[in-house]
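Novice: Shown below is the structure under consideration.
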Amino acid sequence: MKIKTLSHFTVLFTLFLNGVTPLAADNFPSRPLTMLIGFNPGGSTDVQGQVLAEVLSEQLGQPVNIIHHPGAGGGAAAAMLANSPDQGYVFKYGLSLPFTFAPLISPASYELNSFRYVAGITLAQAAIVTGRNKPFKTWQELIEHAKANPGLIYATQHTHDRFIINHIAKHEGLSLRIMPTTGGAGMAPLIVSGDADFAYSGGTHSAYTDSGEMLVLASLADDRLVYYPEAPTLRELGYDISMHAIRVIAVPANTPDEHVRVLAEALEIATRDPRFIQVTEERIRMPVVFMSSEELNTLFASQVEEYKQLISDSAE
């Protein structure tokens, strides 16, 4: 099945022409669905999302179209979702960070409770990476090089990784130049070409490490990365900070229970589908999991309190 990638204007205009209203009574889903991805095409979220959309289309019996709405590391897509009246017909797929961390560090038009979290289906494996031609191959070599050469360029994707790198720079006494990108597809050329010295990667690095074009310097997760166990965690390196994120499916807070239930059942089946497992575990090298709405609510509430304390401590 070919998955269409549409602009959000096209989707909304099509629904208008068909006379579809968000509150129309239906047996969910009775019309096409839309997956919001908060990054440009080509990154690891998009690569995985394309396969997930195909599997969900089969399970739900309706097309699942994709809208790419980059900005603020997924925050722009989260803001769009929070204001959607479509009650599950539009959902966001991507990192949990725009929900748990972003509203704490910068102004946002939504908060954690603006959404229902249908399921978590992948453990994020974020990393700090560099290119093959840089004069450092380990984290400690990077720190020593950065101290001796102020102004190294760091490619960032969202507020959380910028917060982490600023925290590290303050701890180590580094002077860095921060280069914003809109996702892995924007980060990768900068690292491969050498235009950026090191970068945050949410998973896109998996397509470049076998060739040696990228090296993983550190894990941003609570544990070492499953597929790059040689890379130490930030806590192991002496920084009391991490980025424990889940790739989740979220819907607006007013989505009916039945819509959430149907989506959750389809997602649980998707986590057992060989196509989804292959793209997740073999291509972008992340563990497939299934976390229920209840598990996510408990985890996210705990993370928000931890992030609040971290932000407060860093401001001192």
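Values in this text are rule-based calculations from the coordinates and carry no lab data. Every value quoted in this text rests on a predicted model; they were computed, and no experiment measured them. Counting neighbours? That spans all protein chains shown, and the Cβs are built from the backbone with ideal geometry, glycine included.
Novice: Can you pull the one-decimal nm distance between simple spin-label points at Glu172 and Arg261, each 7 Å off the Cα toward Cβ?
Specialist: 5.1 nm
Novice: Report the calculated FRET efficiency for Asn149 and Ser302 (r = Cβ-Cβ distance, R0 = 35 Å), to the nearest 0.05.
Specialist: On the way: r = 39 Å, r/R0 = 1.12.
The computed FRET efficiency comes out at 0.35.
Novice: Given the peptides 293-304, 248-259, 67-78, arrange them by the average over their residues of other C-beta atoms within 10 Å, most packed first. Write out the running numbers ahead of the final one.
Specialist: On the way: 293-304: 15.6, 248-259: 19.1, 67-78: 22.9.
Highest to lowest by the protection proxy: 67-78, 248-259, 293-304.
Novice: Report, for the chain, the % of DSSP beta bridges that are antiparallel, rounded to 5.
Specialist: 60 percent
Novice: Could you give the angle, 0 to 90 degrees to the nearest 10, between helix 159-172's Cα long axis and the longest principal axis of the Cα atoms of the chain?
Specialist: That works out to roughly 10 degrees.
Novice: Which distance in Å, rounded to a whole number, links the C-alpha centroids of the range 164-226 and the range 23-94?
Specialist: 27 Å
Novice: Here's a follow-up. Would you grab the residues whose amide H sits under 5 Å from the one on Thr209? Only those 5+ places off in sequence or on another chain, please, with H modelled 1.01 Å from N.
Specialist: Met214
Novice: What does DSSP give for the range 127-219 in terms of the percent of beta bridges that are antiparallel, rounded to the nearest 5?
Specialist: Around 55 percent of the beta bridges assigned by DSSP in the range 127-219 are antiparallel ones.
Novice: Count the net charge of all other residues whose Cβ sits under 10 Å from the Cβ of Ser44, scoring Lys and Arg as +1 and Asp and Glu as -1.
Specialist: Result for the local shell: +2.
Novice: When the Kirkwood radius is taken over all Cα pairs of the range 149-199, what Stokes-Einstein diffusion coefficient follows at 10 °C and 1.306 mPa s, in µm²/s?
Specialist: Working: Rh = 11.0 Å.
Rounded to a whole number, D works out at 144 µm²/s.
Novice: Okay, moving on. Extension gain Gln278-Ser30, at 0.36 nm per residue separation less the Cα-Cα distance, in nm? Kindly include the intermediate steps, with their values, before the conclusion.
Specialist: On the way: separation 248, 0.36 × 248 = 89.28 nm, distance 2.94 nm.
Extending this stretch completely gives an extra 86.3 nm.
Novice: Same structure again: Sticking with the crude label model, points 7 Å out along Cα→Cβ, report the distance from Arg132 to Phe290 in nm, one decimal please.
Specialist: If labels sit at Arg132 and Phe290, their model points lie 4.0 nm apart.
Novice: Provide the three semi-axes, in whole Å and in decreasing order, of the ellipsoid equivalent to the chain as defined by the square roots of 5 times the Cα gyration tensor eigenvalues.
Specialist: 34, 20, 17
Novice: A follow-up question, please. Quick check: the distance between the Cα centres of the range 112-154 and the range 257-316, to the nearest angstrom?
Specialist: Comparing the Cα centres of the range 112-154 and the range 257-316, I get a distance of 20 Å.
Novice: Now a separate question. Restricting to Cα atoms and excluding each atom paired with itself, what does the Kirkwood estimate give for the range 127-219 in Å?
Specialist: Mean inverse Cα-Cα distance, inverted, gives 12.9 Å.
Novice: Tell me the mean residue ellipticity at 222 nm calculated for the chain from its helices only (DSSP H runs of n ≥ 4, each -39500 (n - 2.57), averaged over every residue, nearest 500).
Specialist: On the way: 11 runs with 118 residues, N = 316.
My calculation for the chain gives -11000 deg cm²/dmol from helical runs alone.
Novice: How long is the range 61-163 along each principal axis, judged by its Cα atoms, biggest number first, in Å?
Specialist: If we take the Cα atoms of the range 61-163, the spans are 54, 33, 20 Å.
Novice: Could you please rank Val260, Val289, placing first whichever residue has the fewest other Cβ atoms within 10 Å of its Cβ?
Specialist: In increasing order of surrounding Cβ atoms, one gets Val289, Val260.
Novice: Keeping to pairs on different chains or 8 or more places apart, tell me how many lysine pairs in the chain have Cα atoms under 27 Å apart.
Specialist: So the count works out to 9.
Novice: On to the next question. Within 10 Å of each residue's Cβ, count the other Cβ atoms and sort Tyr154, Tyr89, Tyr239 from fewest upward. Intermediate values should be presented prior to the final figure.
Specialist: Details: Tyr154 22, Tyr89 25, Tyr239 15.
The fewest-first ordering by Cβ neighbours comes to Tyr239, Tyr154, Tyr89.
Novice: So what's the range 51-92 giving for Rg/Rh, alpha carbon basis, Kirkwood Rh from the mean inverse pair distance?
Specialist: 1.01
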